Structure formats: structure tokens, C-alpha cells
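Some notes on the structure that comes next.
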Amino acid sequence: MRTQVVIIGAGPSGLLLSQLLHLAGVDCVVLERRDPEYVLSRIRAGVLEQGMVDMLERADVSDRMRKEGLPHDGFTLSVADTRLRIDLKGLTGGKSVMVYGQTEVTRDLMDAHRARDGKVIYEASNVTPLDFNGPNPSVTYDKDGTSHEIACDFICGCDGFHGVSRASVPDGAITEYEKVYPFGWLGILSYVKPVDHELIYSNHPNGFALASMRSEKLSRYYIQVPTGTDVKAWSDDAIWDELKIRLGSEAADRIETGPSIEKSIAPLRSFVAEPLRFGRLMLAGDAGHIVPPTGAKGLNLAASDIHYLSEALIEFYGEKSAAGIDSYSQKALARIWKAERFSWWMTMLLHQFPDLGPFNARMQQADMDYLASSHAAQVSLAENYVGLPY
Ligand code: FAD
Ligand code: DHB
């Protein structure tokens, strides 16, 4: 079998790339280790930047998001006794974000692939990228007990943090930057009315809490828990009680509680691999970088990588120019590092760091007081939250 581009991974990065290449007439095949139901069962991000919304529009997968997504013009920050609404729209000259779950984005992309008979091979095991530094790249995989090989021009590694693509790059060719935080987020999804019509990010002496949502009837909440916490140690009742404490008395009086339909813990990590291109192998999304979720940048960064990468591949086939491929890594990394900085800063502002002592707590309070008193500081926060330009 031969195709122009093999995409490894059918998460949001891989499916969005495949969809954009298809619309431009570039032939590609997506190889995914899991089955579609498993991919859809992973509850992850919930906030889309304007740039990602526009990309979904261009990819012709925005109809349901336009109907069911919730545009948000602001959010609330709460640190100790200071509460502050960040007026995204007012501070950025009219920009906002869209609350629409990663699961729904993925489902819309899957539906679009099914409708056009797009080539996505699920439950492909032992996926192996070969000869990407040479003239004849290919990818081998096993499916239903048979081995297959696909010859191609390019391999796109969209297979997440634990994927095979980055792991296939020889050690000396890649530099990895990493910061691991001593806590994770325990997330709960429940069919209850959100406590507020906007998100609330809160730093309480007991730890971070976030009140988010997926719709007007479906809420998503998170609390900071120490690394190594067993999700079974937290009953639904214990999570609701802790949320009432950490979100403050005003929210506690209004919060609606109910049984969880999903509960999981995500570790927090900052990570960047440099470069993102190795001959004819390019990394995109979580395969190349991870941000802590504070600030909702993970999925949005995956989308901006796919913007640069799809343009580069379309230019390669359309205009016979490798200029976009040659500059992909540098262009994507310039935006990635800024999102890394923002996510790290929001994480430092909003979490409890027992190891960093009382000085750190005072720095957080000073940061918050500065934000509350400075229009310039709020503009900076808002322009990063709605997403820096592509
Ligand atoms: P992924 O979504 O990881 O997709 C990669 C795909 O590749 C998967 O389907 C995987 O099965 C497949 N794959 C892996 N290895 C192979 C292989 N060897 N062969 C074939 N296929 C393979 N971001 C936010 O902004 N907000 C959040 O609240 C948030 N919560 C998160 C919670 C968790 C537990 C995690 C892990 C991430 C979270 N993120 C969040 C980050 C966000 O979800 C990711 O940035 C986003 O999923 C990146 O998309 P991706 O397509 O690059 O990678
Ligand atoms: C969600 C996740 C985030 O990381 C964030 O900053 C905002 C919302 C969410 O899952 O809803």
C-alpha cells in the first residue's frame, strides 16, 4: 500500500490533520492503536480558543459546535480572599472562547471521516515508523494477526505523549525539557447544572479547584490532589464537600451536586521536545509537548501545530515547495513556548505548593493583587487565554 502521508494517532491532532489534508486533495491514512469507543471515552479538555474554532470551521466540522457550544466572554479567578472577573471580550477587543468538549470535537471529526469513507485504521498494533531520515519512509503495523506496510512521503506523529513516534527518534537527535509538578487534577463529570455561567479558577489553602462545564446541564469540576492519590480514595460526596470549601461560600451555597459519571486523575507536567521534525517525520500535539491543564492550552496547542503542519504539507504538494516543511518546527515551537510559559504561570498562581513555603504564598497574593489593580496585567492574561495569533 502507498499513500502520501501516514498519520499515527487518531486523537484530535491526527483526525484534524487528516480532515484538512483530505479537503486539500492530499492522500493520507490514519493508524490508531485503540478502538473508536475507547478514544471517545477519554474525558479531557473543554475550552476552545477562537483560532481552533476557526480551524474547525475551515475543516467543515463546526455545525454541531456552533449549535451546542457555549461561547464564554469571561471567567473568574479567586486567590485567597481576592476574586476577580477577567472580561475576555472587553480586554481583547471582542475575542472570546468556546466551551465544547474534546470528546465532541473528536466525535465530529470521526463522523466526518465516516461520511466520506476516510482511511482510519483502528486497533492497529505495533505501529512502527521506518526510514524517516532516508528516501523511502514507511510505517508497518499489525492488524487482525496480519502485518502490513504503508510506503509514504511523510509520517506525522500525532500519537500523544506516550506514542511511538517521538520514541523512534534517536536519542542524540532530540532535546527534551521537562518540569513535573507534585500534584494532579482529580476531575469529576456530573449531570448537574453548572454553579456559574462562567468558569471559576480558585486557589484555596486546601488547594486548587476549577468549576467548568460541558453544557448547561453537564458540569466538569477539578480539584488539586497530591501525586500518587488513588482515585478510589475520593467518594463523590467527599469531592463535592471539598469543592464547596475550595470554591468559597458564595459558590457553595449555589452548587448542585449529583452522582459522578466519570472520575479520573491527570498528572501535571510541562514538557517540550526540540525539534519537532526529523527528516520526513514530524511531531504534533501531545507527541511533541505537554502543558499543565491550567489555562486550557493542551488541545488548542495541538490545533495550532496542525495548522502549521497542514499548511506545510498542502504547500509541498500544491506548490512543490518544502519551505513550510523546513520551517514547521521553528514556527510551531515559537507558539508552543509561549503557551508553556502561560500554563506554567497560571499553574504557579493557582496551586498550593507545600514545598515552596510561605514566600511562594506571598508571591501568589502579590501576583493576584497586581492583576486586580492593573489593566495591563489583565490584558496580558486575557490575550493569552483567548489564544495568541497563529
Ligand atoms: P491524544 O489525544 O493523546 O491522541 C493521541 C492518539 O494516538 C490516541 O488516540 C492514542 O490512542 C494514539 N496512539 C498512541 N500511541 C500510539 C501508537 N503507538 N500507535 C497508534 N496510535 C497511538 N487539555 C486541556 O486543555 N484541558 C484539560 O482539561 C485537559 N485534560 C487532560 C487530561 C488528561 C488525562 C490528558 C492525558 C490530557 C489532558 N489535556 C487537557 C490535554 C489535551 O487533552 C491534549 O493536549 C490533547 O488530547 C492532545 O491531542 P493529541 O491528538 O495530540 O493527543
Ligand atoms: C477545562 C479544563 C481546563 O484545563 C481548563 O483550564 C478549563 C476547563 C475543562 O475540562 O472543562
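Every number in this text was worked out from the coordinates using simple rules, so none of it is lab data. All values derive from a computational prediction rather than experimental measurement. Because the Cβ atoms are built from the backbone with ideal geometry, glycine has one as well, and the counts that use them run over all protein chains shown.
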Exercise. Relative to the compact globular guide of 2.2 N^0.38 Å, what is the alpha carbon radius of gyration of segment 162-301, as a ratio?
Worked result: 1.25
For this session: Work from the charge dipole of the chain (Cβ charges, +1 for Lys and Arg, -1 for Asp and Glu, about the Cα centre) and give the residue of LEU381, LEU243, ALA323 farthest towards its positive end.
Result: LEU381
For this session: Show which lysines lie in cross-link reach of LYS232 when reach means a straight Cα distance below 19 angstrom and same-chain residues fewer than eight apart are skipped.
Result: LYS263
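Assuming R0 = 56 Å, can you tell me the calculated FRET efficiency for the pair HIS375 and ALA24, based on Cβ-Cβ distance, to the nearest 0.05? Intermediate values should be presented prior to the final figure.
Details: r = 42 Å, r/R0 = 0.76.
Using R0 = 56 Å, I get an efficiency of 0.85.
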Problem set entry | Stretch gain in nm, segment GLU68-SER264, where the contour uses 0.36 nm per residue and the Cα spacing is subtracted | 68.1 nm
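Between ASP236 and ASN360, what FRET efficiency comes out of the Förster formula 1/(1 + (r/R0)^6) with R0 = 25 Å and r the beta carbon distance, rounded to 0.05? Provide the component values of the computation, followed by the final result.
Numbers: r = 32 Å, r/R0 = 1.26.
About 0.20, to the nearest 0.05.
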Problem set entry | At R0 = 30 Å, FRET efficiency that the Cβ-Cβ distance of PHE353 and LEU218 yields, to 0.05 | 0.45
For this session: Would you please report the Å³ per residue occupied by the convex hull of the alpha carbon atoms in segment 43-98?
Result: 106
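Taking DSSP loops as anything outside H, G, I, E and B, show the longest stretch in the chain free of trypsin sites (Lys or Arg not before Pro) there with at most 15 other beta carbons within 10 Å.
Numbers: sites that count: ARG42, ARG116, LYS217, LYS320.
The segment 218-319 is the longest one with no such site.
Add +1 for every Lys or Arg and -1 for every Asp or Glu among the other residues with Cβ under 14 Å from the Cβ of ILE314, and state the total. Mind showing how you got there, number by number?
Values: positive: ARG58, LYS320; negative: ASP27, ASP153, GLU311, GLU315, GLU319.
Local net charge: -3.
Using only the Cα atoms, work out Rg/Rh for segment 43-164, with Rh taken as the Kirkwood radius, to two decimals.
Numbers: Rg = 20.3 Å, Rh = 18.1 Å.
Across segment 43-164, the Cα-based Rg/Rh ratio is 1.13.
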Seminar exercise, completed: Cα extents of segment 317-390 along the principal axes, largest first, in whole Å, come to 58, 31, 12
Problem set entry | Antiparallel bridges, percent of DSSP beta bridges restricted to the chain (to nearest 5) | 75
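Sum up the charges of everything whose Cβ sits under 13 Å from the Cβ of GLN224, counting Lys and Arg as +1 and Asp and Glu as -1, but leave GLN224 out.
Counting the neighbours of GLN224, the net charge comes to 0.
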Problem set entry | Projected label distance in nm at ASP142 and THR229, using a 7 Å step from Cα toward the beta-carbon | 3.9
Exercise. Which ³J(HN,Hα) values in Hz, rounded to whole numbers, follow from the phi angles of segment 75-82 under the Karplus curve 6.51 cos²θ - 1.76 cosθ + 1.60, where θ = phi - 60° and Gly and Pro get x?
Worked result: 8, 10, 10, 9, 10, 6, 9, 9
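DSSP beta bridges in segment 68-215, what fraction antiparallel, as a percent rounded to 5? Display every interim value, and only then the final one.
Details: 24 of 29 bridges.
In segment 68-215, DSSP labels about 85 percent of beta bridges as antiparallel.
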Exercise. Based on the Kirkwood radius over alpha-carbon pairs, what is the Stokes-Einstein translational diffusion coefficient of the chain at 20 °C with 1.002 mPa s viscosity, in µm²/s?
Worked result: 98
Exercise. Over segment 246-390, with a single point scatterer placed on each C-alpha, what log10 of the ratio I(q)/I(0) does the Debye formula yield at q = 0.09, 0.18 1/Å?
Worked result: -0.42, -1.11
Exercise. Which ³J(HN,Hα) values, rounded to whole Hz and listed in residue order, are derived for segment 153-161 from phi using the Karplus coefficients 6.51, -1.76 and 1.60 in 6.51 cos²θ - 1.76 cosθ + 1.60 with θ = phi - 60°, glycine and proline given as x?
Worked result: 8, 9, 10, 10, x, 10, 9, x, 5
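Given the rule -39500 (n - 2.57) for each run of at least 4 DSSP H residues, summed and divided by the residues of the chain, what is its mean residue ellipticity at 222 nm, to the nearest 500 deg cm²/dmol? Don't skip to the end; give the middle numbers.
Working: 13 runs with 152 residues, N = 390.
Computed mean residue ellipticity for the chain: -12000 deg cm²/dmol.
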